[in-house]
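Some notes on the structure that comes next.
The values are calculated or read from the model by the stated rules, or taken from the named source; none is laboratory data. All values reported here derive from a predicted model rather than from experimental measurement. With ideal geometry, Cβ positions are generated from the backbone for all residues, glycine too; neighbour counts draw on all protein chains shown.
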Amino acid sequence: MREDISNSENSGGSQPKSGSSAAAERVAIQGERGSNSHMAAVEKMGAAEVVPCSVSADVIDALLAGRVDAAMLPIENSLHGSVAEHYDLLLTHAVRIDGESLLRIRHNLIAAPGVRLEDVRQVLSHPVALSQCRRFLDRFGQARAMPFYDTAGSVKHVMEAGLRDTAGVAPELAAKEYGGQVLVAGIEDHAQNYTRFHLLRRSVERALLMQAPNKLSVAFAVEHRPGTLVAALEQLRDAGVDLTKIESRPVPGKPWEYVFYVELRFEGEAMADAAVRALAPHCSMVKELGRYTAAAQI
C-alpha cells in the first residue's frame with residue numbers, strides 16, 4: 001500500500017517493511033490497549049500491531065524513530081472540541097496526515113468480575129470521559145469520580161490492583177482486553193459523540209493511497225497586521241476549495257500572534273496545488289500537513 005523512500009538517516013531508526021500490508025504494520029497510540037485510539041487504529045488498519053505510549057509526544061517519537069510504521073491520534077471530539085496539543089505536534093514534527101476516521105464513542109462502567117454495582121465507591125477514567133458521563137455519575141452518587149490518565153488504563157489498573165470497590169469508564173474493548181465486566185453500558189450523556197482521528201506517517205515517505213485524496217490540511221501564519229487573515233482566506237475561496245474547519249494556536253514567544261490550521265475539501269490535485277500556492281504571497285509560513293481521503297460523513 002505504501003512505498004518507503006526514507007533511509008536510516010532521515011527516519012531516525014529501523015525501517016518499516018517496504019510494501020508490507022496494513023495487517024503487518026505497527027501503529028502507535030496514546031494510552032493503553034483497549035482505548036478508543038486502539039479501536040480507531042484497528043478499524044482503520046485491520047490487524048495492525050498496536051503499540052501503546054504514555055503521552056502523545058512519545059507517539060510521535062516512536063513514529064519518527066521508525067519503531068512503528070504509523071500513528072493514530074485523535075484530533076477532534078464532537079462534544080469536547082479540538083485536541084490542541086496534536087495540532088502543535090503536526091506543525092513541529094516531520095509527520096503528515098495519511099488518513100482520517102470517525103469513531104462513535106461509547107463509555108461503559110467496567111469493574112472486576114463478581115463486583116456488583118452497589119459495591120462501587122470510586123470511578124476512574126480520563127477527565128474528558130468523566131465529563132461526557134456527567135449525568136450518569138451525578139445520579140450514581142454512591143461513588144466518587146476521580147481523574148485517571150487513560151480510559152482503558154483505568155480498567156487495567158482496576159484489574160491489576162484487584163480493586164473490588166472501584167470501576168473504570170472505558171470502551172467495551174477494555175473489558176475484553178483486561179478481563180473486566182461491564183456493569184453498565186452506554187453511560188455517555190450524548191449518543192452523538194464522535195471522535196475524529198488522524199492516521200500519521202513520516203513525512204519523508206510518499207503516500208500511495210488506495211483512493212484519490214479529497215481533503216487537505218494546511219498550517220499557515222500571516223503577518224500581524226489588519227486584513228491579512230481575510231486576504232489569505234479569500235485566496236482559498238478563489239481557488240475553489242471548500243473550507244471545512246479553521247483552528248488557531250498561539251505562536252510561542254510571540255504574544256497575540258497565531259498559526260491557523262485549515263481543513264479543505266477539494267476536487268482534483270490541481271485544485272489542492274492551487275490552494276497551497278495561493279496562500280504563499282499572503283503568509284509568512286505555509287506547511288502542508290497532508291492530503292488524504294476524508295472520513296465518511298455521519
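Restricting attention to the range 270-298, which residues are under 18 Å from Gly240 (Cα atoms), in a strand (DSSP E or B) and charged (D, E, K, R)?
Glu288, Arg291
Going by what's in this entry, would Glu160 be described as without any contact (Cβ under 8 Å) to a residue 24 or more places away in the chain, assigned to a helix (DSSP H, G or I) and outside the structural domain of Glu263 (by TED's automatic domain parsing)?
Yes.
Tell me whether the range 13-36 contains one or more residues that are surrounded by fewer than 16 Cβ atoms within 10 Å (Cβ to Cβ), at pLDDT 95 or above, under 28 Å from Ala175 (Cα atoms) and not charged (D, E, K, R).
So far as the range 13-36 goes, no, none of its residues is surrounded by fewer than 16 Cβ atoms within 10 Å (Cβ to Cβ), at pLDDT 95 or above, under 28 Å from Ala175 (Cα atoms) and not charged (D, E, K, R).
Anything in the range 163-206 that is assigned to a loop (DSSP other than H, G, I, E, B), over 20 Å from Glu118 (Cα atoms) and β-branched (Val, Ile, Thr)? List them, or say none.
Result: Val204, single match.
Might you check whether a residue that is touching a residue at least 60 places away in the same chain (Cβ under 8 Å) and either of a type in the set (Gly, Ala, Ser) or surrounded by fewer than 19 Cβ atoms within 10 Å (Cβ to Cβ) (or both) occurs anywhere in the range 222-239?
Looking for residues that are touching a residue at least 60 places away in the same chain (Cβ under 8 Å) and either of a type in the set (Gly, Ala, Ser) or surrounded by fewer than 19 Cβ atoms within 10 Å (Cβ to Cβ) (or both), one finds at least one in the range 222-239, hence yes.
Being part of a strand (DSSP E or B), at pLDDT 85 or above and in contact with a His (Cβ under 6 Å, 6 or more places away or on another chain) is true for just one of Ile60, Ile75. Which residue is that? Even if it seems obvious, please write down each step before you answer.
Numbers: Ile60 fails: part of a strand (DSSP E or B).
Exactly one of Ile60, Ile75 is part of a strand (DSSP E or B), at pLDDT 85 or above and in contact with a His (Cβ under 6 Å, 6 or more places away or on another chain), namely Ile75.
Kindly indicate which of Gly66, Gly81 is without any contact (Cβ under 8 Å) to a residue 12 or more places away in the chain and either out of contact with any strand residue (DSSP E or B) (no Cβ under 6 Å at 6 or more places or on another chain) or at negative phi (or both).
None of the other options fit; the residue is Gly81.
Of the residues that make up the range 158-169, is at least one under 26 Å from Val27 (Cα atoms) and among the hydroxyl-bearing types (Ser, Thr, Tyr)?
Checked the range 158-169: no residue is under 26 Å from Val27 (Cα atoms) and among the hydroxyl-bearing types (Ser, Thr, Tyr).
What are the pairs with Cβ atoms under 9 angstrom where one residue, in the range 164-190, is closer than 17 Å to Ala145 by Cβ and the other, located anywhere, is among the polar types (S, T, N, Q) and surrounded by fewer than 17 Cβ atoms within 10 Å (Cβ to Cβ)? Sequence gap at least six, or different chains.
Asp165/Gln122; Thr166/Gln122; Ala167/Gln122; Asp189/Ser131
Residues in the range 217-252 that are assigned to a loop (DSSP other than H, G, I, E, B) and closer than 29 Å to Asn77 by Cβ: how many?
2
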